[in-house]
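To start, the structure itself, in C-alpha cells.
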Amino acid sequence: MSNLTLLTSDDYLPDRVSNILNGRKNNGNNVVTTLDINMQAAAYEALGDFRGAIIALDARTGAVLCMVSKPDFDPESIAESWDAINADPERGALVNRCTQGLYPPGSTFKIVTMLEYLKENSDEELKEFSFDCGGSFSKDGYTINCYHGRNHGIVDINTAFSESCNSAFAYMGTSFDRSGFKDTCEKLLFNRELPLKFPYNKSYVPIGPGSDTGEVMQTAIGQGKMQTTPMHMAMITQAIANGGVLMTPYIIDHIENSGGDVIKSFAPKEYGRIIEKEHADRLCELMEEVVRDGTATRLKSDSFTAAGKTGSAEYSSNKVMSHAWFTCFAPVQDPEVVVTVIAEEAGSGGQFAVPMAKSVLDAWF
Ligand SMILES: [Zn+2]
C-alpha cells in the first residue's frame with residue numbers, strides 16, 4: 001500500500017493538470033508512520049551486533065513505535081547491494097525478525113501458562129500454591145530442569161513467576177486440562193492468523209487433548225516444538241497492559257499530499273478482549289514483581305515503573321546456548337508503552353535483553 005501511496009499524488013487538481021500539460025512530474029503523497037525516531041534509534045543502538053529484533057507498541061493504541069530487525073540492510077543502497085544480500089541467505093537480512101522471525105518463546109511463555117493456571121484455580125488455591133524446587137521436576141519419564149540447574153527452594157505462585165522456576169511451571173502444566181490450555185493459547189492467537197497488514201508468520205503451539213506429559217511440560221515453559229514471533233509476544237503484552245483488550249497494531253499514522261494536507265488518517269482499532277480483566281490485572285502484578293524483585297531487576301529506573309517477563313530460550317541440543325528474551329510495559333499505572341526484545345544467541349534474558357529494553361524505555365520517558 002505504501003508504495004502505491006507514494007506514487008499517487010493528491011495535490012490540488014489544477015496544479016496536477018498544469019504539471020501534466022507542461023510535461024512535469026506530479027509530487028507523490030507522503031506516508032507518515034507511527035514510528036518514534038528516538039526509540040527507533042535507541043533500539044537500533046541497543047541491539048548492537050546481535051541478530052534479533054526489538055519492537056515497541058503504544059500500549060493504548062497498538063501503534064508501532066519502533067521496529068528493529070538485524071541483520072539489516074541500507075534501503076538507500078539496496079539496488080547496489082542486492083546481489084550481495086541475496087548471495088548470503090543464511091544472514092536473513094531481508095527477513096523482518098519482528099514479525100517473521102519464529103523463535104521458541106522460552107519463559108516469556110510463562111505468561112500464558114500462568115494465565116491458564118489462574119483460569120483453572122480459585123484464589124484460595126493460588127494462595128496455597130507451594131512447590132519445592134530442587135532444580136528439576138520429573139513425571140512419567142520426562143524431566144524439566146531449571147535454567148542452568150538452579151535450585152529455587154520452596155516457591156509460591158509469585159516467586160515461581162518472578163524467579164522463572166521451570167520446575168514449578170512444568171509441575172503446574174501437568175495439572176492442566178489440555179483442551180483448556182489449547183483454548184487459552186488460541187484465544188491469544190497461537191495457531192491463528194494475526195490481525196496484521198504486513199507480512200508475518202503465524203505462531204505455533206503443539207498443545208491439545210492428545211498431548212502427552214512431556215509435551216505439556218515443555219509447552220508450560222515455552223520450549224519444545226513451539227514457536228512465536230516477537231510481534232506476537234508484544235501483542236500479548238499490550239493486551240495485558242491494556243486490561244485484556246488487544247489493539248490491532250498499525251504503522252501508518254496518516255497520508256498527506258506534498259503540500260502537507262492530510263488525505264487519510266488511520267485511527268486505532270480494537271481487535272477485542274483476549275484476556276479477562278481480572279486475569280490481566282493479576283498478570284500485571286506478577287510481571288511487576290519480576291522487575292521489582294525477580295529476573296528483570298536490571299530494568300529498575302528512577303524515571304519509570306515497569307512490569308515484564310524474561311526468557312532464556314534454549315535452542316541448542318546441549319542446552320547451553322539460549323536466545324535472550326524480554327517483554328515488558330511501562331509505567332505500571334496507566335501503561336504507555338510496550339517493548340519486546342529478542343537477542344539471538346546472547347544468553348540469559350535478564351542479563352542481555354532487559355538492558356536493551358531499558359534503553360528503549362529511557363528514550364520514551
Ligand atoms: Zn526452580
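The values are calculated or read from the model by the stated rules, or taken from the named source; none is laboratory data. None of the values given here were measured: they were computed from a predicted structure. All Cβ positions, glycine included, derive from the backbone under ideal geometry; neighbour counts span all protein chains shown. Surface areas here come from the heavy atoms of the whole protein model, side chains and all, with no ligands, DNA or RNA. Shrake-Rupley method; radii C 1.70, N 1.55, O 1.52, S 1.80 Å.
Taking the residues in segment 343-365 that are open to solvent by 20 Å² or more (accessible area, probe 1.4 Å) and in a loop (DSSP other than H, G, I, E, B) as candidates, determine which candidate is nearest to K309 (Cα to Cα).
Applying the filter and picking the extreme gives S348.
Tell me which strands (runs of 3 or more DSSP E) are completely within segment 26-104 and hold 3 or more residues being farther than 28 Å from V205 by Cβ, or say none if there are none.
The qualifying strands (runs of 3 or more DSSP E) are 30-33.
So which strands (runs of 3 or more DSSP E) stay within segment 132-182 end to end and still have 2 or more residues that are under 20 Å from D293 (Cα atoms) and within 13 Å of the ligand (Cβ to nearest atom)?
153-155
Of the residues P249, P268, which single one is farther than 22 Å from N158 by Cα and surrounded by fewer than 24 Cβ atoms within 10 Å (Cβ to Cβ)?
P268
Taking only segment 323-342 into account, find how many residues are surrounded by fewer than 24 Cβ atoms within 10 Å (Cβ to Cβ) and not acidic (D, E).
Counting residues in segment 323-342 that are surrounded by fewer than 24 Cβ atoms within 10 Å (Cβ to Cβ) and not acidic (D, E) gives 4.
I275 - would you say it is surrounded by 21 or more Cβ atoms within 10 Å (Cβ to Cβ) and not in a helix (DSSP H, G or I)?
yes
Checking G210 against (1) at pLDDT below 95; (2) within 22 Å of the chain's Cα centre (by Cα), only one condition comes out false. Which one?
Every condition holds for G210 apart from (2).
Condition first: part of a helix (DSSP H, G or I) and either farther than 19 Å from L286 by Cβ or more than 9 Å from the chain's Cα centre (by Cα) (or both). Now tell me which residues in segment 217-237 satisfy that.
M217, Q218, T219, A220, P230, M231, H232
Among I85, I54, I37, which is the only one that is among the β-branched types (V, I, T) and modelled with pLDDT under 80?
Answer to the selection: I85.
Could you figure out which of (1) surrounded by 20 or more Cβ atoms within 10 Å (Cβ to Cβ); (2) under 17 Å from Y142 (Cα atoms); (3) not charged (D, E, K, R) isn't true of L189?
It is condition (2) that L189 fails.
Restrict the check to segment 118-131 and report whether at least one residue is among the hydrophobic types (A, V, I, L, M, F, W, C) and within 11 Å of the ligand (Cβ to nearest atom).
Scanning segment 118-131, I find at least one residue that is among the hydrophobic types (A, V, I, L, M, F, W, C) and within 11 Å of the ligand (Cβ to nearest atom), so the answer is yes.
For segment 320-356, enumerate the residues that are among the acidic types (D, E) and touching a residue at least 24 places away in the same chain (Cβ under 8 Å).
Those that are among the acidic types (D, E) and touching a residue at least 24 places away in the same chain (Cβ under 8 Å): E336, E344, E345.
For segment 139-171, which positions are modelled with pLDDT under 95, touching an Asp or Glu at 6+ places or on another chain (Cβ under 9 Å) and open to solvent by 70 Å² or more (accessible area, probe 1.4 Å)?
Answer for segment 139-171, where residues must be modelled with pLDDT under 95, touching an Asp or Glu at 6+ places or on another chain (Cβ under 9 Å) and open to solvent by 70 Å² or more (accessible area, probe 1.4 Å): just R150.
State whether one or more residues within segment 107-120 are within 29 Å of I251 (Cα to Cα), at pLDDT 95 or above and open to solvent by 10 Å² or more (accessible area, probe 1.4 Å).
Checked segment 107-120: at least one residue is within 29 Å of I251 (Cα to Cα), at pLDDT 95 or above and open to solvent by 10 Å² or more (accessible area, probe 1.4 Å).
Could you please find all residues in segment 128-138 being surrounded by fewer than 16 Cβ atoms within 10 Å (Cβ to Cβ) and in contact (Cβ under 8 Å) with a residue 24 or more places away in the chain?
If the condition is that a residue be surrounded by fewer than 16 Cβ atoms within 10 Å (Cβ to Cβ) and in contact (Cβ under 8 Å) with a residue 24 or more places away in the chain, then S130, G134, S136 are the ones that fit.
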